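K.L.:
Below are the structure tokens for one structure; questions will follow.
The values are calculated or read from the model by the stated rules, or taken from the named source; none is laboratory data. These numbers come from a predicted model, not from an experiment. Glycine gets a Cβ as well: all are built from the backbone with ideal geometry, and neighbour counts include every protein chain shown.
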Amino acid sequence: MSAKAKAKAERAQEKLEAEYARSSRIKAKSRATLIICPLSTVSNWEDQFREHWKGEVSVVGGSGACPPPATPSSSQPSSSQSISMDVDQKTVDEKPKRIREGRPIRVYIYHGNARRPDPAFLADFDAVITTYATLASEFSKQNRSLMAADEEEEDDAGSEGLGGVDFDENGNQVLRLPKPKKSGTKRKKALLNQANNPAEIPSALQSIHWFRVVLDEAQ
């Protein structure tokens, strides 16, 4: 096998290992759409759902709570002000209100310290909105936990791979050369061992098989 073909085969094998690790991490399947966007556009996505969805839109988490209705002022307006307010109110009332005819939709804002990293909980929504920073933070913690577990396992294995001095049957000293490190071995080992690893800090976003993923680059 040529060097080019060998490299291609190694890439294919790494892809298969990554897909296996990905499928092993899945804890829930969802009909939801995962929307990943910058923090500055999260509120815009909320507004777009409310404007374009035909049914009722329920937003949980983030800034999705609807503002409380304005309380009337305690001061009594004059008669002229009352007439003016009645006319204005009549004008507002005459504006046709939008009728929600479609089925309701539930949206969850997965951002902030109060977010709920539960795959079963997230999978029950119709859409989940998160940020690139949140996704990167959870992915980084997940990878660091796996690498730390591998390094701890290597430390516990002793110093077999280190160089040193041994003695043969006759008591003569024999020099033991250190074993060369194989590039990429730690990464492959982490990929293969990450399924059900108790030391792993799993990312809830990567534990769900999403129906659709939208990447909003806000450009």
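K.L.:
So which residues in the stretch 98-122 are of a type in the set (Gly, Ala, Ser), surrounded by 12 or more Cβ atoms within 10 Å (Cβ to Cβ) and either out of contact with any helix residue (DSSP H, G or I) (no Cβ under 9 Å at 6 or more places or on another chain) or modelled with pLDDT of 95 or more (or both), if there are any at all?
P.N.:
Across the stretch 98-122, the qualifying residue is only Ala120.
K.L.:
Right, something else. Give Ser23, Ser82, Ser43, Ser58 a once-over and let me know the one that is of a type outside the set (A, V, I, L, M, F, W, C), surrounded by 11 or more Cβ atoms within 10 Å (Cβ to Cβ), outside any loop (DSSP other than H, G, I, E, B) and at pLDDT below 85.
P.N.:
The match here is Ser82.
Residue by residue, here is whether (1) of a type in the set (D, E, K, R); (2) over 30 Å from Arg50 (Cα atoms); (3) modelled with pLDDT of 65 or more; (4) surrounded by 12 or more Cβ atoms within 10 Å (Cβ to Cβ) holds:
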position: Val128; (1), (2), (3), (4): no, no, yes, yes
position: Lys141; (1), (2), (3), (4): yes, yes, yes, yes
position: Leu146; (1), (2), (3), (4): no, yes, yes, yes
position: Glu153; (1), (2), (3), (4): yes, yes, no, yes
position: Ser159; (1), (2), (3), (4): no, yes, no, no
position: Asp166; (1), (2), (3), (4): yes, yes, yes, no
position: Asn170; (1), (2), (3), (4): no, yes, yes, no
position: Pro198; (1), (2), (3), (4): no, yes, no, no
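K.L.:
I'd like to check something: does the stretch 3-17 contain any residue that is in a helix (DSSP H, G or I), in contact (Cβ under 8 Å) with a residue 40 or more places away in the chain and closer than 21 Å to Gln142 by Cα?
P.N.:
yes
K.L.:
Working only within the stretch 96-147, note down all residues that are part of a loop (DSSP other than H, G, I, E, B) and under 13 Å from the mean Cα position of the chain (by Cα).
P.N.:
Matches in the stretch 96-147: His111, Gly112, Arg115, Arg116, Pro117, Asp118, Ala123.
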